[in-house]
Amino acid sequence: MGHESFVSQGHPDPLRAHGAWIYLFASVGSGALVGVEQRVEPAMLVGTGFVGAFLVAAAIAVGARRKMRQILVGSSLAILAPLGALYLDAKPEFFIVAALAVVPAVTAIGLQKTIGFLSRPALVVGVAAIVVAAPTVALAGGISVGRSLLLFALLWPFFSWQTLRVAAPLRIGATWEREKLRSRGLREAGVAAVWTLAVAVLLHIT
């Protein structure tokens, strides 16, 4: 199983990339852990909204006409969940940080279409779009802007490095078997979870 694992109808499909889901949930989880000292419910609602936005972005990246249901579901989550967070008195500043994710998301899609979805710039910028979920969720939980940006700064370089390391053999044409790919995904998830927890603990004690 090689590049075709991530491709749908000739286009790279983020929904098929296990790394994207790992880093998305790690980012949402870290934001919730850091923001839990205030209120976890608004943080998790904003995290749900970010998952919805990811579904929409993934549908746009694929460009398939049969993705309207995915776009509808994703749009509903992206709109309704943050509104629910506001109803629970989440800091409205999280909207500003969330909006910043549009820039790397659009840039990543453009890079995928021009220089390839396994290119280093496309991967690093794509990871940035996903990791913005961490400060967005943390802000909704009630932490300061400064600490939320520190959270992003601690997660993005590490997740980018991990992504580039995993993608390196694929760029030169390596083919992975299903079991090997699953095993690599589990190790990647474990490393991401350990780093995410370490970052959350660090921010709690500082």
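Observations
- Out of Leu111, Leu118, sole residue that is crowded, with 16+ Cβ neighbours inside 10 Å and in contact with a Lys or Arg (Cβ under 6 Å, 6 or more places away or on another chain): Leu118
- Residue in segment 129-146 that is open to solvent by 60 Å² or more (accessible area, probe 1.4 Å) and either part of a helix (DSSP H, G or I) or in contact (Cβ under 8 Å) with a residue 24 or more places away in the chain (or both) present: yes
- The set of residues from segment 76-103 being open to solvent by less than 40 Å² (accessible area, probe 1.4 Å) and farther than 17 Å from Trp21 by Cα comprises Ala81, Pro82, Gly84, Ala85, Ala90, Phe94, Val97, Ala98.
- Segment 184-206 - residue that is of a type in the set (D, E, K, R) and open to solvent by 40 Å² or more (accessible area, probe 1.4 Å) and, of those, farthest from Gly31 (Cα to Cα): Arg184
- The residues of segment 94-116 that are at pLDDT 85 or above and assigned to a loop (DSSP other than H, G, I, E, B) amount to a single one, Ala101.
The values are calculated or read from the model by the stated rules, or taken from the named source; none is laboratory data. These figures come from a predicted structure and were not determined experimentally. As a convention, Cβ positions derive from the backbone with ideal geometry for all residues, glycine included, and neighbour counts pool all protein chains shown. To get the accessible areas, we keep the full protein, side chains included, count just its heavy atoms, and leave off ligands, DNA and RNA. Shrake-Rupley method; radii C 1.70, N 1.55, O 1.52, S 1.80 Å.
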